[in-house]
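First up is the structure itself, then whatever we jot down about it.
The values are calculated or read from the model by the stated rules, or taken from the named source; none is laboratory data. Here the structure is a predicted model, which is why all the values come from computation and not from measurement. Note that each Cβ is placed from the backbone with ideal geometry, even for glycine, and that neighbours are counted across all protein chains shown.
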Amino acid sequence: MAHADLVFTGGPVFTANTVRSRASAVAVTGGRIVAVGHDLDDLIGPGTEVVDLQGRMLVPGFQDAHVHALWGGLDRLRCDLSPYSTQREYLDAIGAYAAARPRDEWVLGGGWAMSAFPGGTPTASALDAVVPDRPAFLPNRDGHGAWVNSAALRLAGIERGTPDPADGRIERDADGAPTGTLHEGAMTLVNRLLPAESPERLVEALLEGQRYLHSFGVTAWQDAIIGSYGDAGDPGPAYVTAAADGRLTAQVVGAIWWDRTAGLEQIPSILERRERYRAGRFAATSVKVMQDGVAENFTASMLEPYGDGHGHPTDNSGISFVDPETLNAAVPELDALGFQVHFHAIGDRAVRQCLDAVAHAIERNGRGDNRHHIAHLQVVHPEDVPRFRQLGVTANMQSLWASLEPQMVELTLPFLGEPRAGWQYPFGDLLRSGAVLAAGSDWSVSSPNPLAAIHTAVNRTAAPGFEEGEYDAFLPEQAIDLAASLTAYTAGSAWVNHLDRSTGTIEVGKYADLALLDRDPFAGPADQIGATEVLQTFVEGERVFAAE
């Protein structure tokens, strides 16, 4: 056999293949894996680059099954609040950012945590103190709410008599006056006024997002919204540009946004975009349906009403953004056209509605290979857990969220009540039921660090550096083991992305999409998994990230 271009040797290799076998050496030629074993010295020649693992683990490149890479990159270019955790820190950062950019028409950024504010709702008056002279629009970390100042409220014409949109809510004081937080569809009242970003700026944001994801060992992903949503514009053209000229180094599947204000008449447009949004390593072959909101602002769709925090039911059971009748017609049609459907479902009613829609697709079309998946899965009724396996629906985990922290303790648990609070993030039950597990981050909603999410999946506690107080493990019976979690973030997500024939595992013939960790996480205590860092990332054998 000819000498290899690249050989990794001297450390454990987690292959993520069907038997999760271990090796200690991998050889790469022409961007593909040509040998996996233990003694590959005969493949090393004078032109071979040898990477000594020194006992550190080599894993398949991570694949993020639900991420917003361009928007995450844009957040990093704007006023990025994600490093901070208190109202004072947020206001200081916003004030400094605004002062440094006096000519900007708007102050834009985001990434604040709801737990930093009473009731999860910051006020315009607080923001006015640091941005009094122009409008400010700052979405929170989950993207389901925004903090605006008085100038933005005035510009949008939002006042006491402004009605709530059907898919959102304006936070108000006791007299009905808007206070500065806009939930869900109410954000559109302001963000439709924002100045458009240039195509060049969006490509810059995408490449910044890609650079950041590569630094965490991510080599492929599914962008969960391709379309005009929020204030950044459609990421599709930026992906096509970067893919066509070779700057997109990750393999990316795009999920085309399903407009919840429209019905099946939008399908021809979605078909047209599937053809237009295809270049190089990018293909928009999925459709994103956001079926509900989030639990913290009571817009996640629940089978039973939320409580009032004192054990009494309210008249609010959340919002199903797409009417079930429309959903049950749209999903079979999309399925018949060869689209994968990527659902957002937080509440148990939303999860059930998504599963029901897939059941309608199977009844109409039979079983295909579109690999529909439901992301987030915060509250799943126990009766629906086995339906994932039965219907062939992949459980797309954002496992970083499955821990006790202030937002869960203060803004979620009191309003869910029992037994529903105990149905959250049931990854263990889903795995035991035979469901396929994939994994993602939802960055920029939360950190894109796969190892922090894997830590939480295994321990049901926050990873080192992510703790916000001392809490016990959250529903520890729903923990999954390290091998299962690593496999979900590699082979499982590759399966969802239809990339499993060429990526997702370390096997001969597959692309050398690889991540080198700074340790073997199996060899240390479980409570240190999240301290693991990525040292190098490779795409098709080319190094795309190296730690300093």
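Residues that are assigned to a loop (DSSP other than H, G, I, E, B) and either aliphatic (A, V, I, L, M) or in contact with a Phe, Trp or Tyr (Cβ under 8 Å, 6 or more places away or on another chain) (or both) were ranked within segment 189-198; the one that is farthest from R278 (Cα to Cα) is L193.
So that you can scan it fast, the table gives a plain yes or no per residue for (1) modelled with pLDDT of 95 or more; (2) more than 20 Å from the chain's Cα centre (by Cα); (3) not hydroxyl-bearing (S, T, Y):
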| site | (1), (2), (3) |
| --- | --- |
| I480 | yes, no, yes |
| Y489 | yes, no, no |
| V496 | yes, no, yes |
| D520 | yes, yes, yes |
| E540 | yes, yes, yes |
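For segment 436-450, a residue qualifies if it is in contact with a strand residue (DSSP E or B) (Cβ under 7 Å, 6 or more places away or on another chain), hydrophobic (A, V, I, L, M, F, W, C) and either within 25 Å of G119 (Cα to Cα) or surrounded by fewer than 21 Cβ atoms within 10 Å (Cβ to Cβ) (or both), and the qualifying residues are V436, W443.
To keep it simple, each residue is scored yes or no on (1) surrounded by fewer than 16 Cβ atoms within 10 Å (Cβ to Cβ); (2) at pLDDT 95 or above; (3) farther than 19 Å from H68 by Cα.
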site: I267; (1), (2), (3): no, yes, yes
site: L271; (1), (2), (3): yes, yes, yes
site: E275; (1), (2), (3): yes, yes, yes
site: R281; (1), (2), (3): no, yes, no
site: K288; (1), (2), (3): no, yes, no
site: E296; (1), (2), (3): no, no, yes
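Only one of the numbered conditions (1) under 24 Å from S317 (Cβ atoms); (2) at pLDDT below 95 is violated by P195, and that is (1). Restricting to segment 313-361, name every residue that is basic (K, R) and out of contact with any Ser or Thr (no Cβ under 7 Å at 6 or more places or on another chain). Across segment 313-361, the qualifying residue is only R352. In this structure, does S317 turn out to be part of a loop (DSSP other than H, G, I, E, B), within 25 Å of A65 (Cβ to Cβ) and either among the basic types (K, R) or at pLDDT 95 or above (or both)? The answer is no for S317. Exactly one residue out of G47, G95 is touching a residue at least 12 places away in the same chain (Cβ under 8 Å) and over 30 Å from the mean Cα position of the chain (by Cα): that is G47. Within segment 355-372, residues that are under 11 Å from G338 (Cβ atoms) and without any contact (Cβ under 8 Å) to a residue 60 or more places away in the chain sit with their Cβ atoms under 9 Å from residues that are surrounded by fewer than 15 Cβ atoms within 10 Å (Cβ to Cβ) and of a type in the set (G, A, S), at 6+ positions apart or across chains, in these pairs: N365/A336; G368/A336; G368/G338; N370/G338. Every residue in segment 94-119 that is within 30 Å of R247 (Cβ to Cβ), out of contact with any Pro (no Cβ under 8 Å at 6 or more places or on another chain) and of a type in the set (A, V, I, L, M), please. Residues satisfying the conditions are A100, L108.
Whether a residue is surrounded by fewer than 17 Cβ atoms within 10 Å (Cβ to Cβ) and among the hydrophobic types (A, V, I, L, M, F, W, C) was assessed, and A262 passes this test. Checked against (1) surrounded by 18 or more Cβ atoms within 10 Å (Cβ to Cβ); (2) modelled with pLDDT of 95 or more; (3) more than 24 Å from D80 (Cβ to Cβ); (4) of a type outside the set (A, V, I, L, M), H214 passes all but a single condition, namely (3). Just to be sure before I move on: is D128 assigned by TED's automatic domain parsing to the domain that holds H183, in contact with a Ser or Thr (Cβ under 6 Å, 6 or more places away or on another chain), among the acidic types (D, E) and modelled with pLDDT of 95 or more in the structure I sent? Yes, satisfied. Only strands (runs of 3 or more DSSP E) whose full extent lies in segment 437-548 are considered here, and none of them has at least 3 residues that are touching a Phe, Trp or Tyr at 6+ places or on another chain (Cβ under 7 Å) and assigned by TED's automatic domain parsing to the domain that holds M114. Inside segment 52-83, can you point out the residues that are in a helix (DSSP H, G or I) and buried (at least 24 other Cβ atoms within 10 Å of the Cβ)? Of everything in segment 52-83, those that are in a helix (DSSP H, G or I) and buried (at least 24 other Cβ atoms within 10 Å of the Cβ) turn out to be A69, L70, W71, G72, G73, L74, D75.
For segment 38-47, the count of residues that are in a strand (DSSP E or B) and over 30 Å from T285 (Cα atoms) is zero. Screening T162, T181, T219 for residues that are among the hydroxyl-bearing types (S, T, Y), surrounded by 18 or more Cβ atoms within 10 Å (Cβ to Cβ) and more than 25 Å from V287 (Cα to Cα) leaves exactly one candidate, T181.
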